[in-house]
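Trainee: One structure follows; several queries about it will come next.
The values are calculated or read from the model by the stated rules, or taken from the named source; none is laboratory data. Keep in mind the model is a prediction, meaning the values are calculated, not measured. A quick note on method: Cβ atoms are made from the backbone with ideal geometry, for glycine too, and the neighbour counts reach across all protein chains shown. Keep in mind that these areas ignore ligands, DNA and RNA; they rest on the heavy atoms of the full protein, side chains included. Shrake-Rupley method; radii C 1.70, N 1.55, O 1.52, S 1.80 Å.
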Amino acid sequence: ARELAKTAREQYERRAQGLIIAARRAHKLAIGTEAVRDSITDRKARLLVVASDAEGSREELEQAAHRLGRACLVWNTKSGLGRLFSRPTLSILAVLDNGIADELLSVVRSSAELAEDA
């Protein structure tokens, strides 16, 4: 059962990464602090994704997203997010599409539930 849960978690992680990449290809992603800040100001951000080890302006951006009624997801690490975009690190991004944002939240929550059950 543990092995099955691990396999399922890995599939959820790949799905989450695929959703982020799909959002980028569709030009529905704000990458990095300034782009995220602009997307919040323009009310285009649908979901904030923050690396678990991010510091600095993370709190300010989370609060701004919360004020706008936007979800904030703590997921992956700075190096893990960076790898998705051929960067050494990436602390924060924003999904600008409701469908992708909803699916990403669902996938990451499902993965977290499996981790708790393990």
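Trainee: Please pick out the residue among Arg15, Arg24 that is under 13 Å from Leu81 (Cα atoms) and open to solvent by 70 Å² or more (accessible area, probe 1.4 Å).
Mentor: Of the residues listed, the single one that is under 13 Å from Leu81 (Cα atoms) and open to solvent by 70 Å² or more (accessible area, probe 1.4 Å) is Arg24.
Trainee: What are the pairs with Cβ atoms under 7 angstrom where one residue, in the range 1-23, is in a helix (DSSP H, G or I) and the other, located anywhere, is surrounded by fewer than 14 Cβ atoms within 10 Å (Cβ to Cβ)? Sequence gap at least six, or different chains.
Mentor: Listed by first residue and then by second, the contacts come to Arg2/Ala118; Ala5/Asp117; Ala5/Ala118; Arg9/Ala115.
Trainee: What number of residues within the range 64-90 satisfy the criterion of being at pLDDT below 95, more than 22 Å from Arg109 (Cβ to Cβ) and open to solvent by 20 Å² or more (accessible area, probe 1.4 Å)?
Mentor: Qualifying residue count, the range 64-90: 1.
Trainee: Could you say whether any residue in the range 27-34 is among the aliphatic types (A, V, I, L, M) and in contact with a Ser or Thr (Cβ under 8 Å, 6 or more places away or on another chain)?
Mentor: yes
Trainee: Another question about this same structure. Please go through the range 40-59 and pick out each residue that is of a type in the set (D, E, K, R), surrounded by 11 or more Cβ atoms within 10 Å (Cβ to Cβ) and farther than 16 Å from Gly99 by Cα.
Mentor: Across the range 40-59, the qualifying residues are Asp53, Arg58, Glu59.
Trainee: Going by what's in this entry, would Ala16 be described as under 21 Å from Val107 (Cβ atoms) and of a type in the set (Gly, Ala, Ser)?
Mentor: yes
Trainee: Another question, then. Considering only the range 19-43, state which residues are touching a helix residue (DSSP H, G or I) at 6+ places or on another chain (Cβ under 9 Å) and not β-branched (Val, Ile, Thr).
Mentor: Of the residues in the range 19-43, the ones touching a helix residue (DSSP H, G or I) at 6+ places or on another chain (Cβ under 9 Å) are 19-24, 26, 28-31, 33, 36-37, 40-41.
Once the filter is applied, which keeps residues that are touching a helix residue (DSSP H, G or I) at 6+ places or on another chain (Cβ under 9 Å) and not β-branched (Val, Ile, Thr), the range 19-43 yields Leu19, Ala22, Ala23, Arg24, Ala26, Lys28, Leu29, Ala30, Arg37.
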